[in-house]
């Protein structure tokens, strides 16, 4: 590296002083040599004397030297800057080299995991309820719902999530349940010769001679998903219908109340579909994003997860806009579903050769739409969903009593009908600091208005709900709610009734 | 000569003020500042703080050029992660954990991967974004998207 003696300012200053003194002394000596010794000083002439001319010449020399000094100093500064730049580049390259050379270290091997090679997770949630239906004996609901307070393990859902490559993933969510144990398959109707039947799944282990009850398993969703772009992805399988707020956010550890609204559980829109879905997200401006989804599926039907009983596939379109500011957010969405549902039965009409005739038992076309709104401001949540649909039959089944799944013995047929439901939720989350850590306490109030079939007087349900949701940890929710359920137009549900429910929901 | 001297004095004063100003700036840089860093090839032009927040919450999954965004977290319970969550996400540790629990249940997705020092994986992986203390920063290895100053 070149060394420049003028780099430092002290050296520069010292050089300037030396030059100045040298020039001064040289000038003075030159002037003294030109003066004869002991001669008296001559009077000053009018015109410039030779000494003045000499002095002027020396000034010019000093100026020239000073200019050269400045020039040298500038060059030195430039050189210094250049050196600094090169030094930084060397440091940068050394750092990068160090990074590259460290590829064999354990941490780098962990980086390869980030490349989404065979990432597999298992997790889930579960809940336990204590509920009590307080229903007058004369009310139809008295026999329909459990008459005594009961504990129940309702949800035990396991997720199997796999990220095979950066863009390819699969998800399965399986619900384990004690059902169908205890399910009341039919009520005793002596006039029709029907007997009461409750499912008993008790089996005997032939080796241990131990009796135990088997349970059930429901595949809530399972799909493979390919998402090459942020605005475009495709999934195929059995998926949640992308409508509303709580159909997809269905986990009890996520829901604010103990159970979702009737509109969701009664499936005004199908909760799941089997088929394909195109989806994506775009950001037209920062803080605002739009989600879309297009679904093509078997639609509804008794066997929709396995096979379709008609050729008409169901179509759905979802659009949702979300705006998120620092302390508030607004989400507005809609979904439209159009499909045909068919049920058939099969008869063997010939034996040689065997012939099986397929007879349409039920068929209807449905057009249902939904709107959803979610507004959050600090701890405040205002949430609502609205659904409305029209059902038109081309093959009418026998009318079934609502909730009982019992066909009308007087051969009354199901009518075309309109259904609509709306619910609103108001909640406020208080974040408290306690000796056990941060805790969220959310009191809530909810109102539901449901007309599941405008031709059936029992199918209008109004519900008021109030309760408390406590989150002592991110993994645990403790909930309590009290509900008043009313059937204002019903002749069977002669009065409303109260339901008390507590829940512990845990994600793990 | 007098004018030259005045000019020099002014220049010296200006240099002095500049030095003082620089001194103040460099003093404001603390080793506890958190730097949001990304792979050098990441196109983050025009992305603001809110967009970075969306990336770390996995609401925004790609960069502007279409490359998948790969957010990286510091290990759970570390001071760095806690401070980052408070400074950028505006959430406490508890709230963030609740967010990821709900995220998993809703979408079936996973929360970001964790690294003790994100600079190395961010250097290696295209689309990666993480955060480190300024003291961990090595010049030229990654690009700095945002500085979250240390709280006094």
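The values are calculated or read from the model by the stated rules, or taken from the named source; none is laboratory data. This one's a predicted model, so the numbers in the text were calculated from it and none came from an experiment. As a convention, Cβ positions derive from the backbone with ideal geometry for all residues, glycine included, and neighbour counts pool all protein chains shown.
Taken as a whole, the range A:416-433 holds at least one residue that is part of a strand (DSSP E or B) and either without any contact (Cβ under 8 Å) to a residue 24 or more places away in the chain or closer than 18 Å to residue A:194 by Cβ (or both). Considering (1) buried (at least 17 other Cβ atoms within 10 Å of the Cβ); (2) modelled with pLDDT of 95 or more; (3) more than 14 Å from every other protein chain (Cβ to nearest Cβ), the lone condition that residue A:484 does not fulfil carries the number (1).
Considering A:447, A:413, the condition of being in contact with a strand residue (DSSP E or B) (Cβ under 7 Å, 6 or more places away or on another chain) and surrounded by 15 or more Cβ atoms within 10 Å (Cβ to Cβ) is satisfied by A:447 alone. Residue count for the range B:109-121, restricted to those that are over 30 Å from residue A:506 (Cα atoms), crowded, with 19+ Cβ neighbours inside 10 Å, facing chain A (nearest Cβ under 9 Å) and touching a residue at least 12 places away in the same chain (Cβ under 8 Å): 2.
Does residue B:106 satisfy being in contact with a strand residue (DSSP E or B) (Cβ under 9 Å, 6 or more places away or on another chain), at the interface with chain A (Cβ under 7 Å from one of its Cβ atoms) and within 30 Å of residue A:477 (Cβ to Cβ)?
Considered against the rule, which asks whether it is in contact with a strand residue (DSSP E or B) (Cβ under 9 Å, 6 or more places away or on another chain), at the interface with chain A (Cβ under 7 Å from one of its Cβ atoms) and within 30 Å of residue A:477 (Cβ to Cβ), residue B:106 comes out as no.
Please enumerate the residues belonging to the range A:129-169 that are surrounded by fewer than 18 Cβ atoms within 10 Å (Cβ to Cβ), within 14 Å of another protein chain (Cβ to nearest Cβ) and at pLDDT 95 or above. Selection gives A:156, A:158, A:160.
Within the range A:274-288, none of the residues are in contact with a helix residue (DSSP H, G or I) (Cβ under 8 Å, 6 or more places away or on another chain), within 11 Å of chain B (Cβ to nearest Cβ) and surrounded by 20 or more Cβ atoms within 10 Å (Cβ to Cβ). For the range B:71-103, filtering for residues that are within 11 Å of chain A (Cβ to nearest Cβ), crowded, with 17+ Cβ neighbours inside 10 Å and under 15 Å from the mean Cα position of the chain (by Cα) leaves 2. Looking at residue A:321, is it within 14 Å of chain B (Cβ to nearest Cβ), modelled with pLDDT of 95 or more and either under 17 Å from residue B:59 (Cα atoms) or crowded, with 20+ Cβ neighbours inside 10 Å (or both)? The answer is yes for residue A:321. Any residue at all in the range A:345-361 that is crowded, with 18+ Cβ neighbours inside 10 Å and over 30 Å from residue B:48 (Cβ atoms)? Among the residues of the range A:345-361, not one is crowded, with 18+ Cβ neighbours inside 10 Å and over 30 Å from residue B:48 (Cβ atoms), which makes the answer no. Restricting the range A:178-194 to residues that are part of a loop (DSSP other than H, G, I, E, B) and modelled with pLDDT under 90 leaves a set whose member that is surrounded by the fewest Cβ atoms within 10 Å (Cβ to Cβ) is A:193. Candidates A:429, A:471, A:465: the one that is closer than 21 Å to residue A:503 by Cβ, more than 14 Å from chain B (Cβ to nearest Cβ), in contact with a strand residue (DSSP E or B) (Cβ under 8 Å, 6 or more places away or on another chain) and surrounded by 15 or more Cβ atoms within 10 Å (Cβ to Cβ) is A:465.
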